[in-house]
Amino acid sequence: VAEICLDLLLAETERHFMHRDVQNANTSSSDDAKHLQAIGYRVGYALVERCSRGKPRPTDKLDAVKFVCKDFWSAAFGKNVDHLRTNHRGVFVLQDTSFRNLRHVPQHANNDVANERLQIPTGMLQGALAALGVPPTSVEVECNSPPDVTFTVKIGVAP
Amino acid sequence: MSARGASNAPRGSQLPAQEKVSNELFTLTYGAMVRQLLHDFETVEEVNAELDAMGARIGSRLVDDFLANAQGVRCADFKSAADSVARVGFRSLLGVTARVGAWSETSDAGSGPSACSIYFEENPITDFVELPRGLEELSYCNVLCGVIRGALEQIGMHVTVVVVKDMLKGADGNELRLTLKEHAAETYPFKDDD
């Protein structure tokens, strides 16, 4: 499938779920973000099941996160994570300096634009980790200059 | 059925190698999106309509990219446009082989056929998909109809596209029926006053 098909599908999905609140005043934009994350969650979950077939199951958190950084990331976003940092207490920082889903976002775009585009990937990351048996406590995403993006994943630590 | 006019087939025309993403990722994303729509809307008809509308918006943007990259694709009349959609569009964008057939005889205007069908056997968006009970009315591929409609609308052809056969519903192949309603390029200039 050509990449542009996926790009447009994602854009359309985001448009649909983010801009409904115009017609429907009682949904807040955080609800919309939740919907997008829910979509991402299912994608991430199913995708991990497919790309981890026939591979040993990760034994601990670090293993699982490494799997996400390599196998899952390349299946989902076409490359590996650029930097992985961890404090060895359940906080992992994943940095991708050229995140595919942001490659059409201009560098000085309004933060909301990038944020919108990052809801589905955030959900995917949650779903992926859940499928590997280490559901994250929280996943936060930060993007200062697209397409450079940083995900902060907390697993098993109180938020 | 086998109206495969070899003469004006865009045989040599194809898009340059496109960036590819895995079918799985695409299929899963679409599936998850449809599921969320089902969750949000109350009736299946609304979901079908929304899928079609989303497809149309995708199509209207896709066509720019398609025409910019395509070499030697002709879309001057309905026949060549439908041919391009099926042979070049389906192959390079979805990676499936589609063929056109069942041309209607001649249209009222006498300018070639005004309806045709696109047949294809593989459909990447329905991999791993099974329609559960109670959702028999869901037209899962409606997005494709929308895409074709939206794309052709951008080049001045107003068409209706409906799913005739759907492998998800047990048919032996997929068939989309295109009907040309109006070819706007021929109706210019509009009259300003009535």
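Ignore the peptide's own chain and count Cβ atoms of other chains within 10 Å of each Cβ in A:8-15; give me the average, rounded.
For this peptide, the per-residue mean of nearby foreign Cβ atoms is 6.
What percentage of the solvent-accessible surface of the stretch B:44-183, computed with a 1.4 Å probe over protein heavy atoms, is contributed by carbon and sulfur atoms?
Working: 2910 of 6120 Å².
For the stretch B:44-183, the apolar C and S fraction of the accessible surface comes to 48 percent.
Mind giving me the FRET efficiency for residue B:160 and residue A:70? R0 is 51 Å, r the Cβ-Cβ distance, nearest 0.05 is fine.
Details: r = 47 Å, r/R0 = 0.92.
Once rounded, the FRET efficiency stands at 0.65.
Compute, for residue A:16, the solvent-accessible surface of its heavy atoms (probe 1.4 Å) with the complete set of protein chains present, and express it in square angstrom to the nearest 10.
10 Å²
Average partner chain C-beta neighbours within 10 Å, per residue of A:31-43?
3
Per residue, how many Å² of accessible area does the stretch B:44-183 show with a 1.4 Å probe?
Using a 1.4 Å probe on heavy atoms only, each residue of the stretch B:44-183 averages 44 Å².
Considering lysine pairs in chain A that are 8 or more places apart or on different chains, how many have Cα atoms under 24 Å apart?
So the count works out to 12.
Largest first, how would B:41, B:120 line up by accessible area (1.4 Å probe)?
Details: B:41 55, B:120 5 Å².
Order by accessible area, largest first: B:41, B:120.
What nm value, rounded to one decimal, do you get for the distance between residue B:153 and residue A:104 when each label is placed 7 Å out toward the C-beta?
For the pair residue B:153/residue A:104, the computed spacing is 1.8 nm.
Place the peptides A:143-156, B:160-173 in order of packing, highest mean first, counting for every residue the other Cβ atoms within 10 Å and averaging per peptide.
Ranking, from highest mean packing down: A:143-156, B:160-173.
Send over a whole-number figure in Å² for the accessible area per residue of chain A, probe 1.4 Å.
Numbers: 7390 Å² over 159 residues.
Heavy-atom SASA per residue in chain A reads 46 Å².
For the stretch B:44-183, would you read off the P(r) tail past 17 Å as a percentage of all alpha carbon pairs? All intermediate terms of the calculation are to be shown ahead of the outcome.
On the way: 5695 of 9730 pairs.
Cα-Cα pairs of the stretch B:44-183 separated by over 17 Å account for 59 percent.
Under a point spin-label approximation (7 Å from Cα along Cα-to-Cβ), what is the residue A:83-residue B:42 distance to one decimal in nm?
With each label point 7 Å from Cα toward Cβ, the separation is 5.2 nm.
Compute for chains A and B the buried accessible surface, both sides summed, probe 1.4 Å, and express it in Å² to the nearest 100.
That pair hides around 2900 Å² of surface in total.
At a 1.4 Å probe, which residues in the stretch B:28-74 are at least 50 Å² less accessible with all protein chains present than in their chain isolated?
With the partner chains in place, the stretch B:28-74 has these residues losing at least 50 Å²: B:28, B:29, B:32, B:33, B:36, B:40, B:54, B:57, B:58, B:61.
Assigning unit charges at the beta carbon (Lys, Arg +1; Asp, Glu -1) and nothing else, what dipole magnitude in debye, to the nearest 20, does the stretch B:44-183 show about its Cα centre?
That gives the stretch B:44-183 a dipole magnitude of about 420 debye.
Run the 1.4 Å probe and let me know the accessible area of residue A:8, rounded to the nearest 10 Å².
20 Å²
The values are calculated or read from the model by the stated rules, or taken from the named source; none is laboratory data. The shown structure was predicted, so the numbers you read here are calculated from the model rather than taken from an experiment. Using ideal geometry, Cβ is built from the backbone for each residue, glycine included, and neighbour counts are taken over all protein chains shown. Each accessible area value is taken on the protein alone, full model and side chains, heavy atoms only, with ligands, DNA and RNA left out. Shrake-Rupley method; radii C 1.70, N 1.55, O 1.52, S 1.80 Å.
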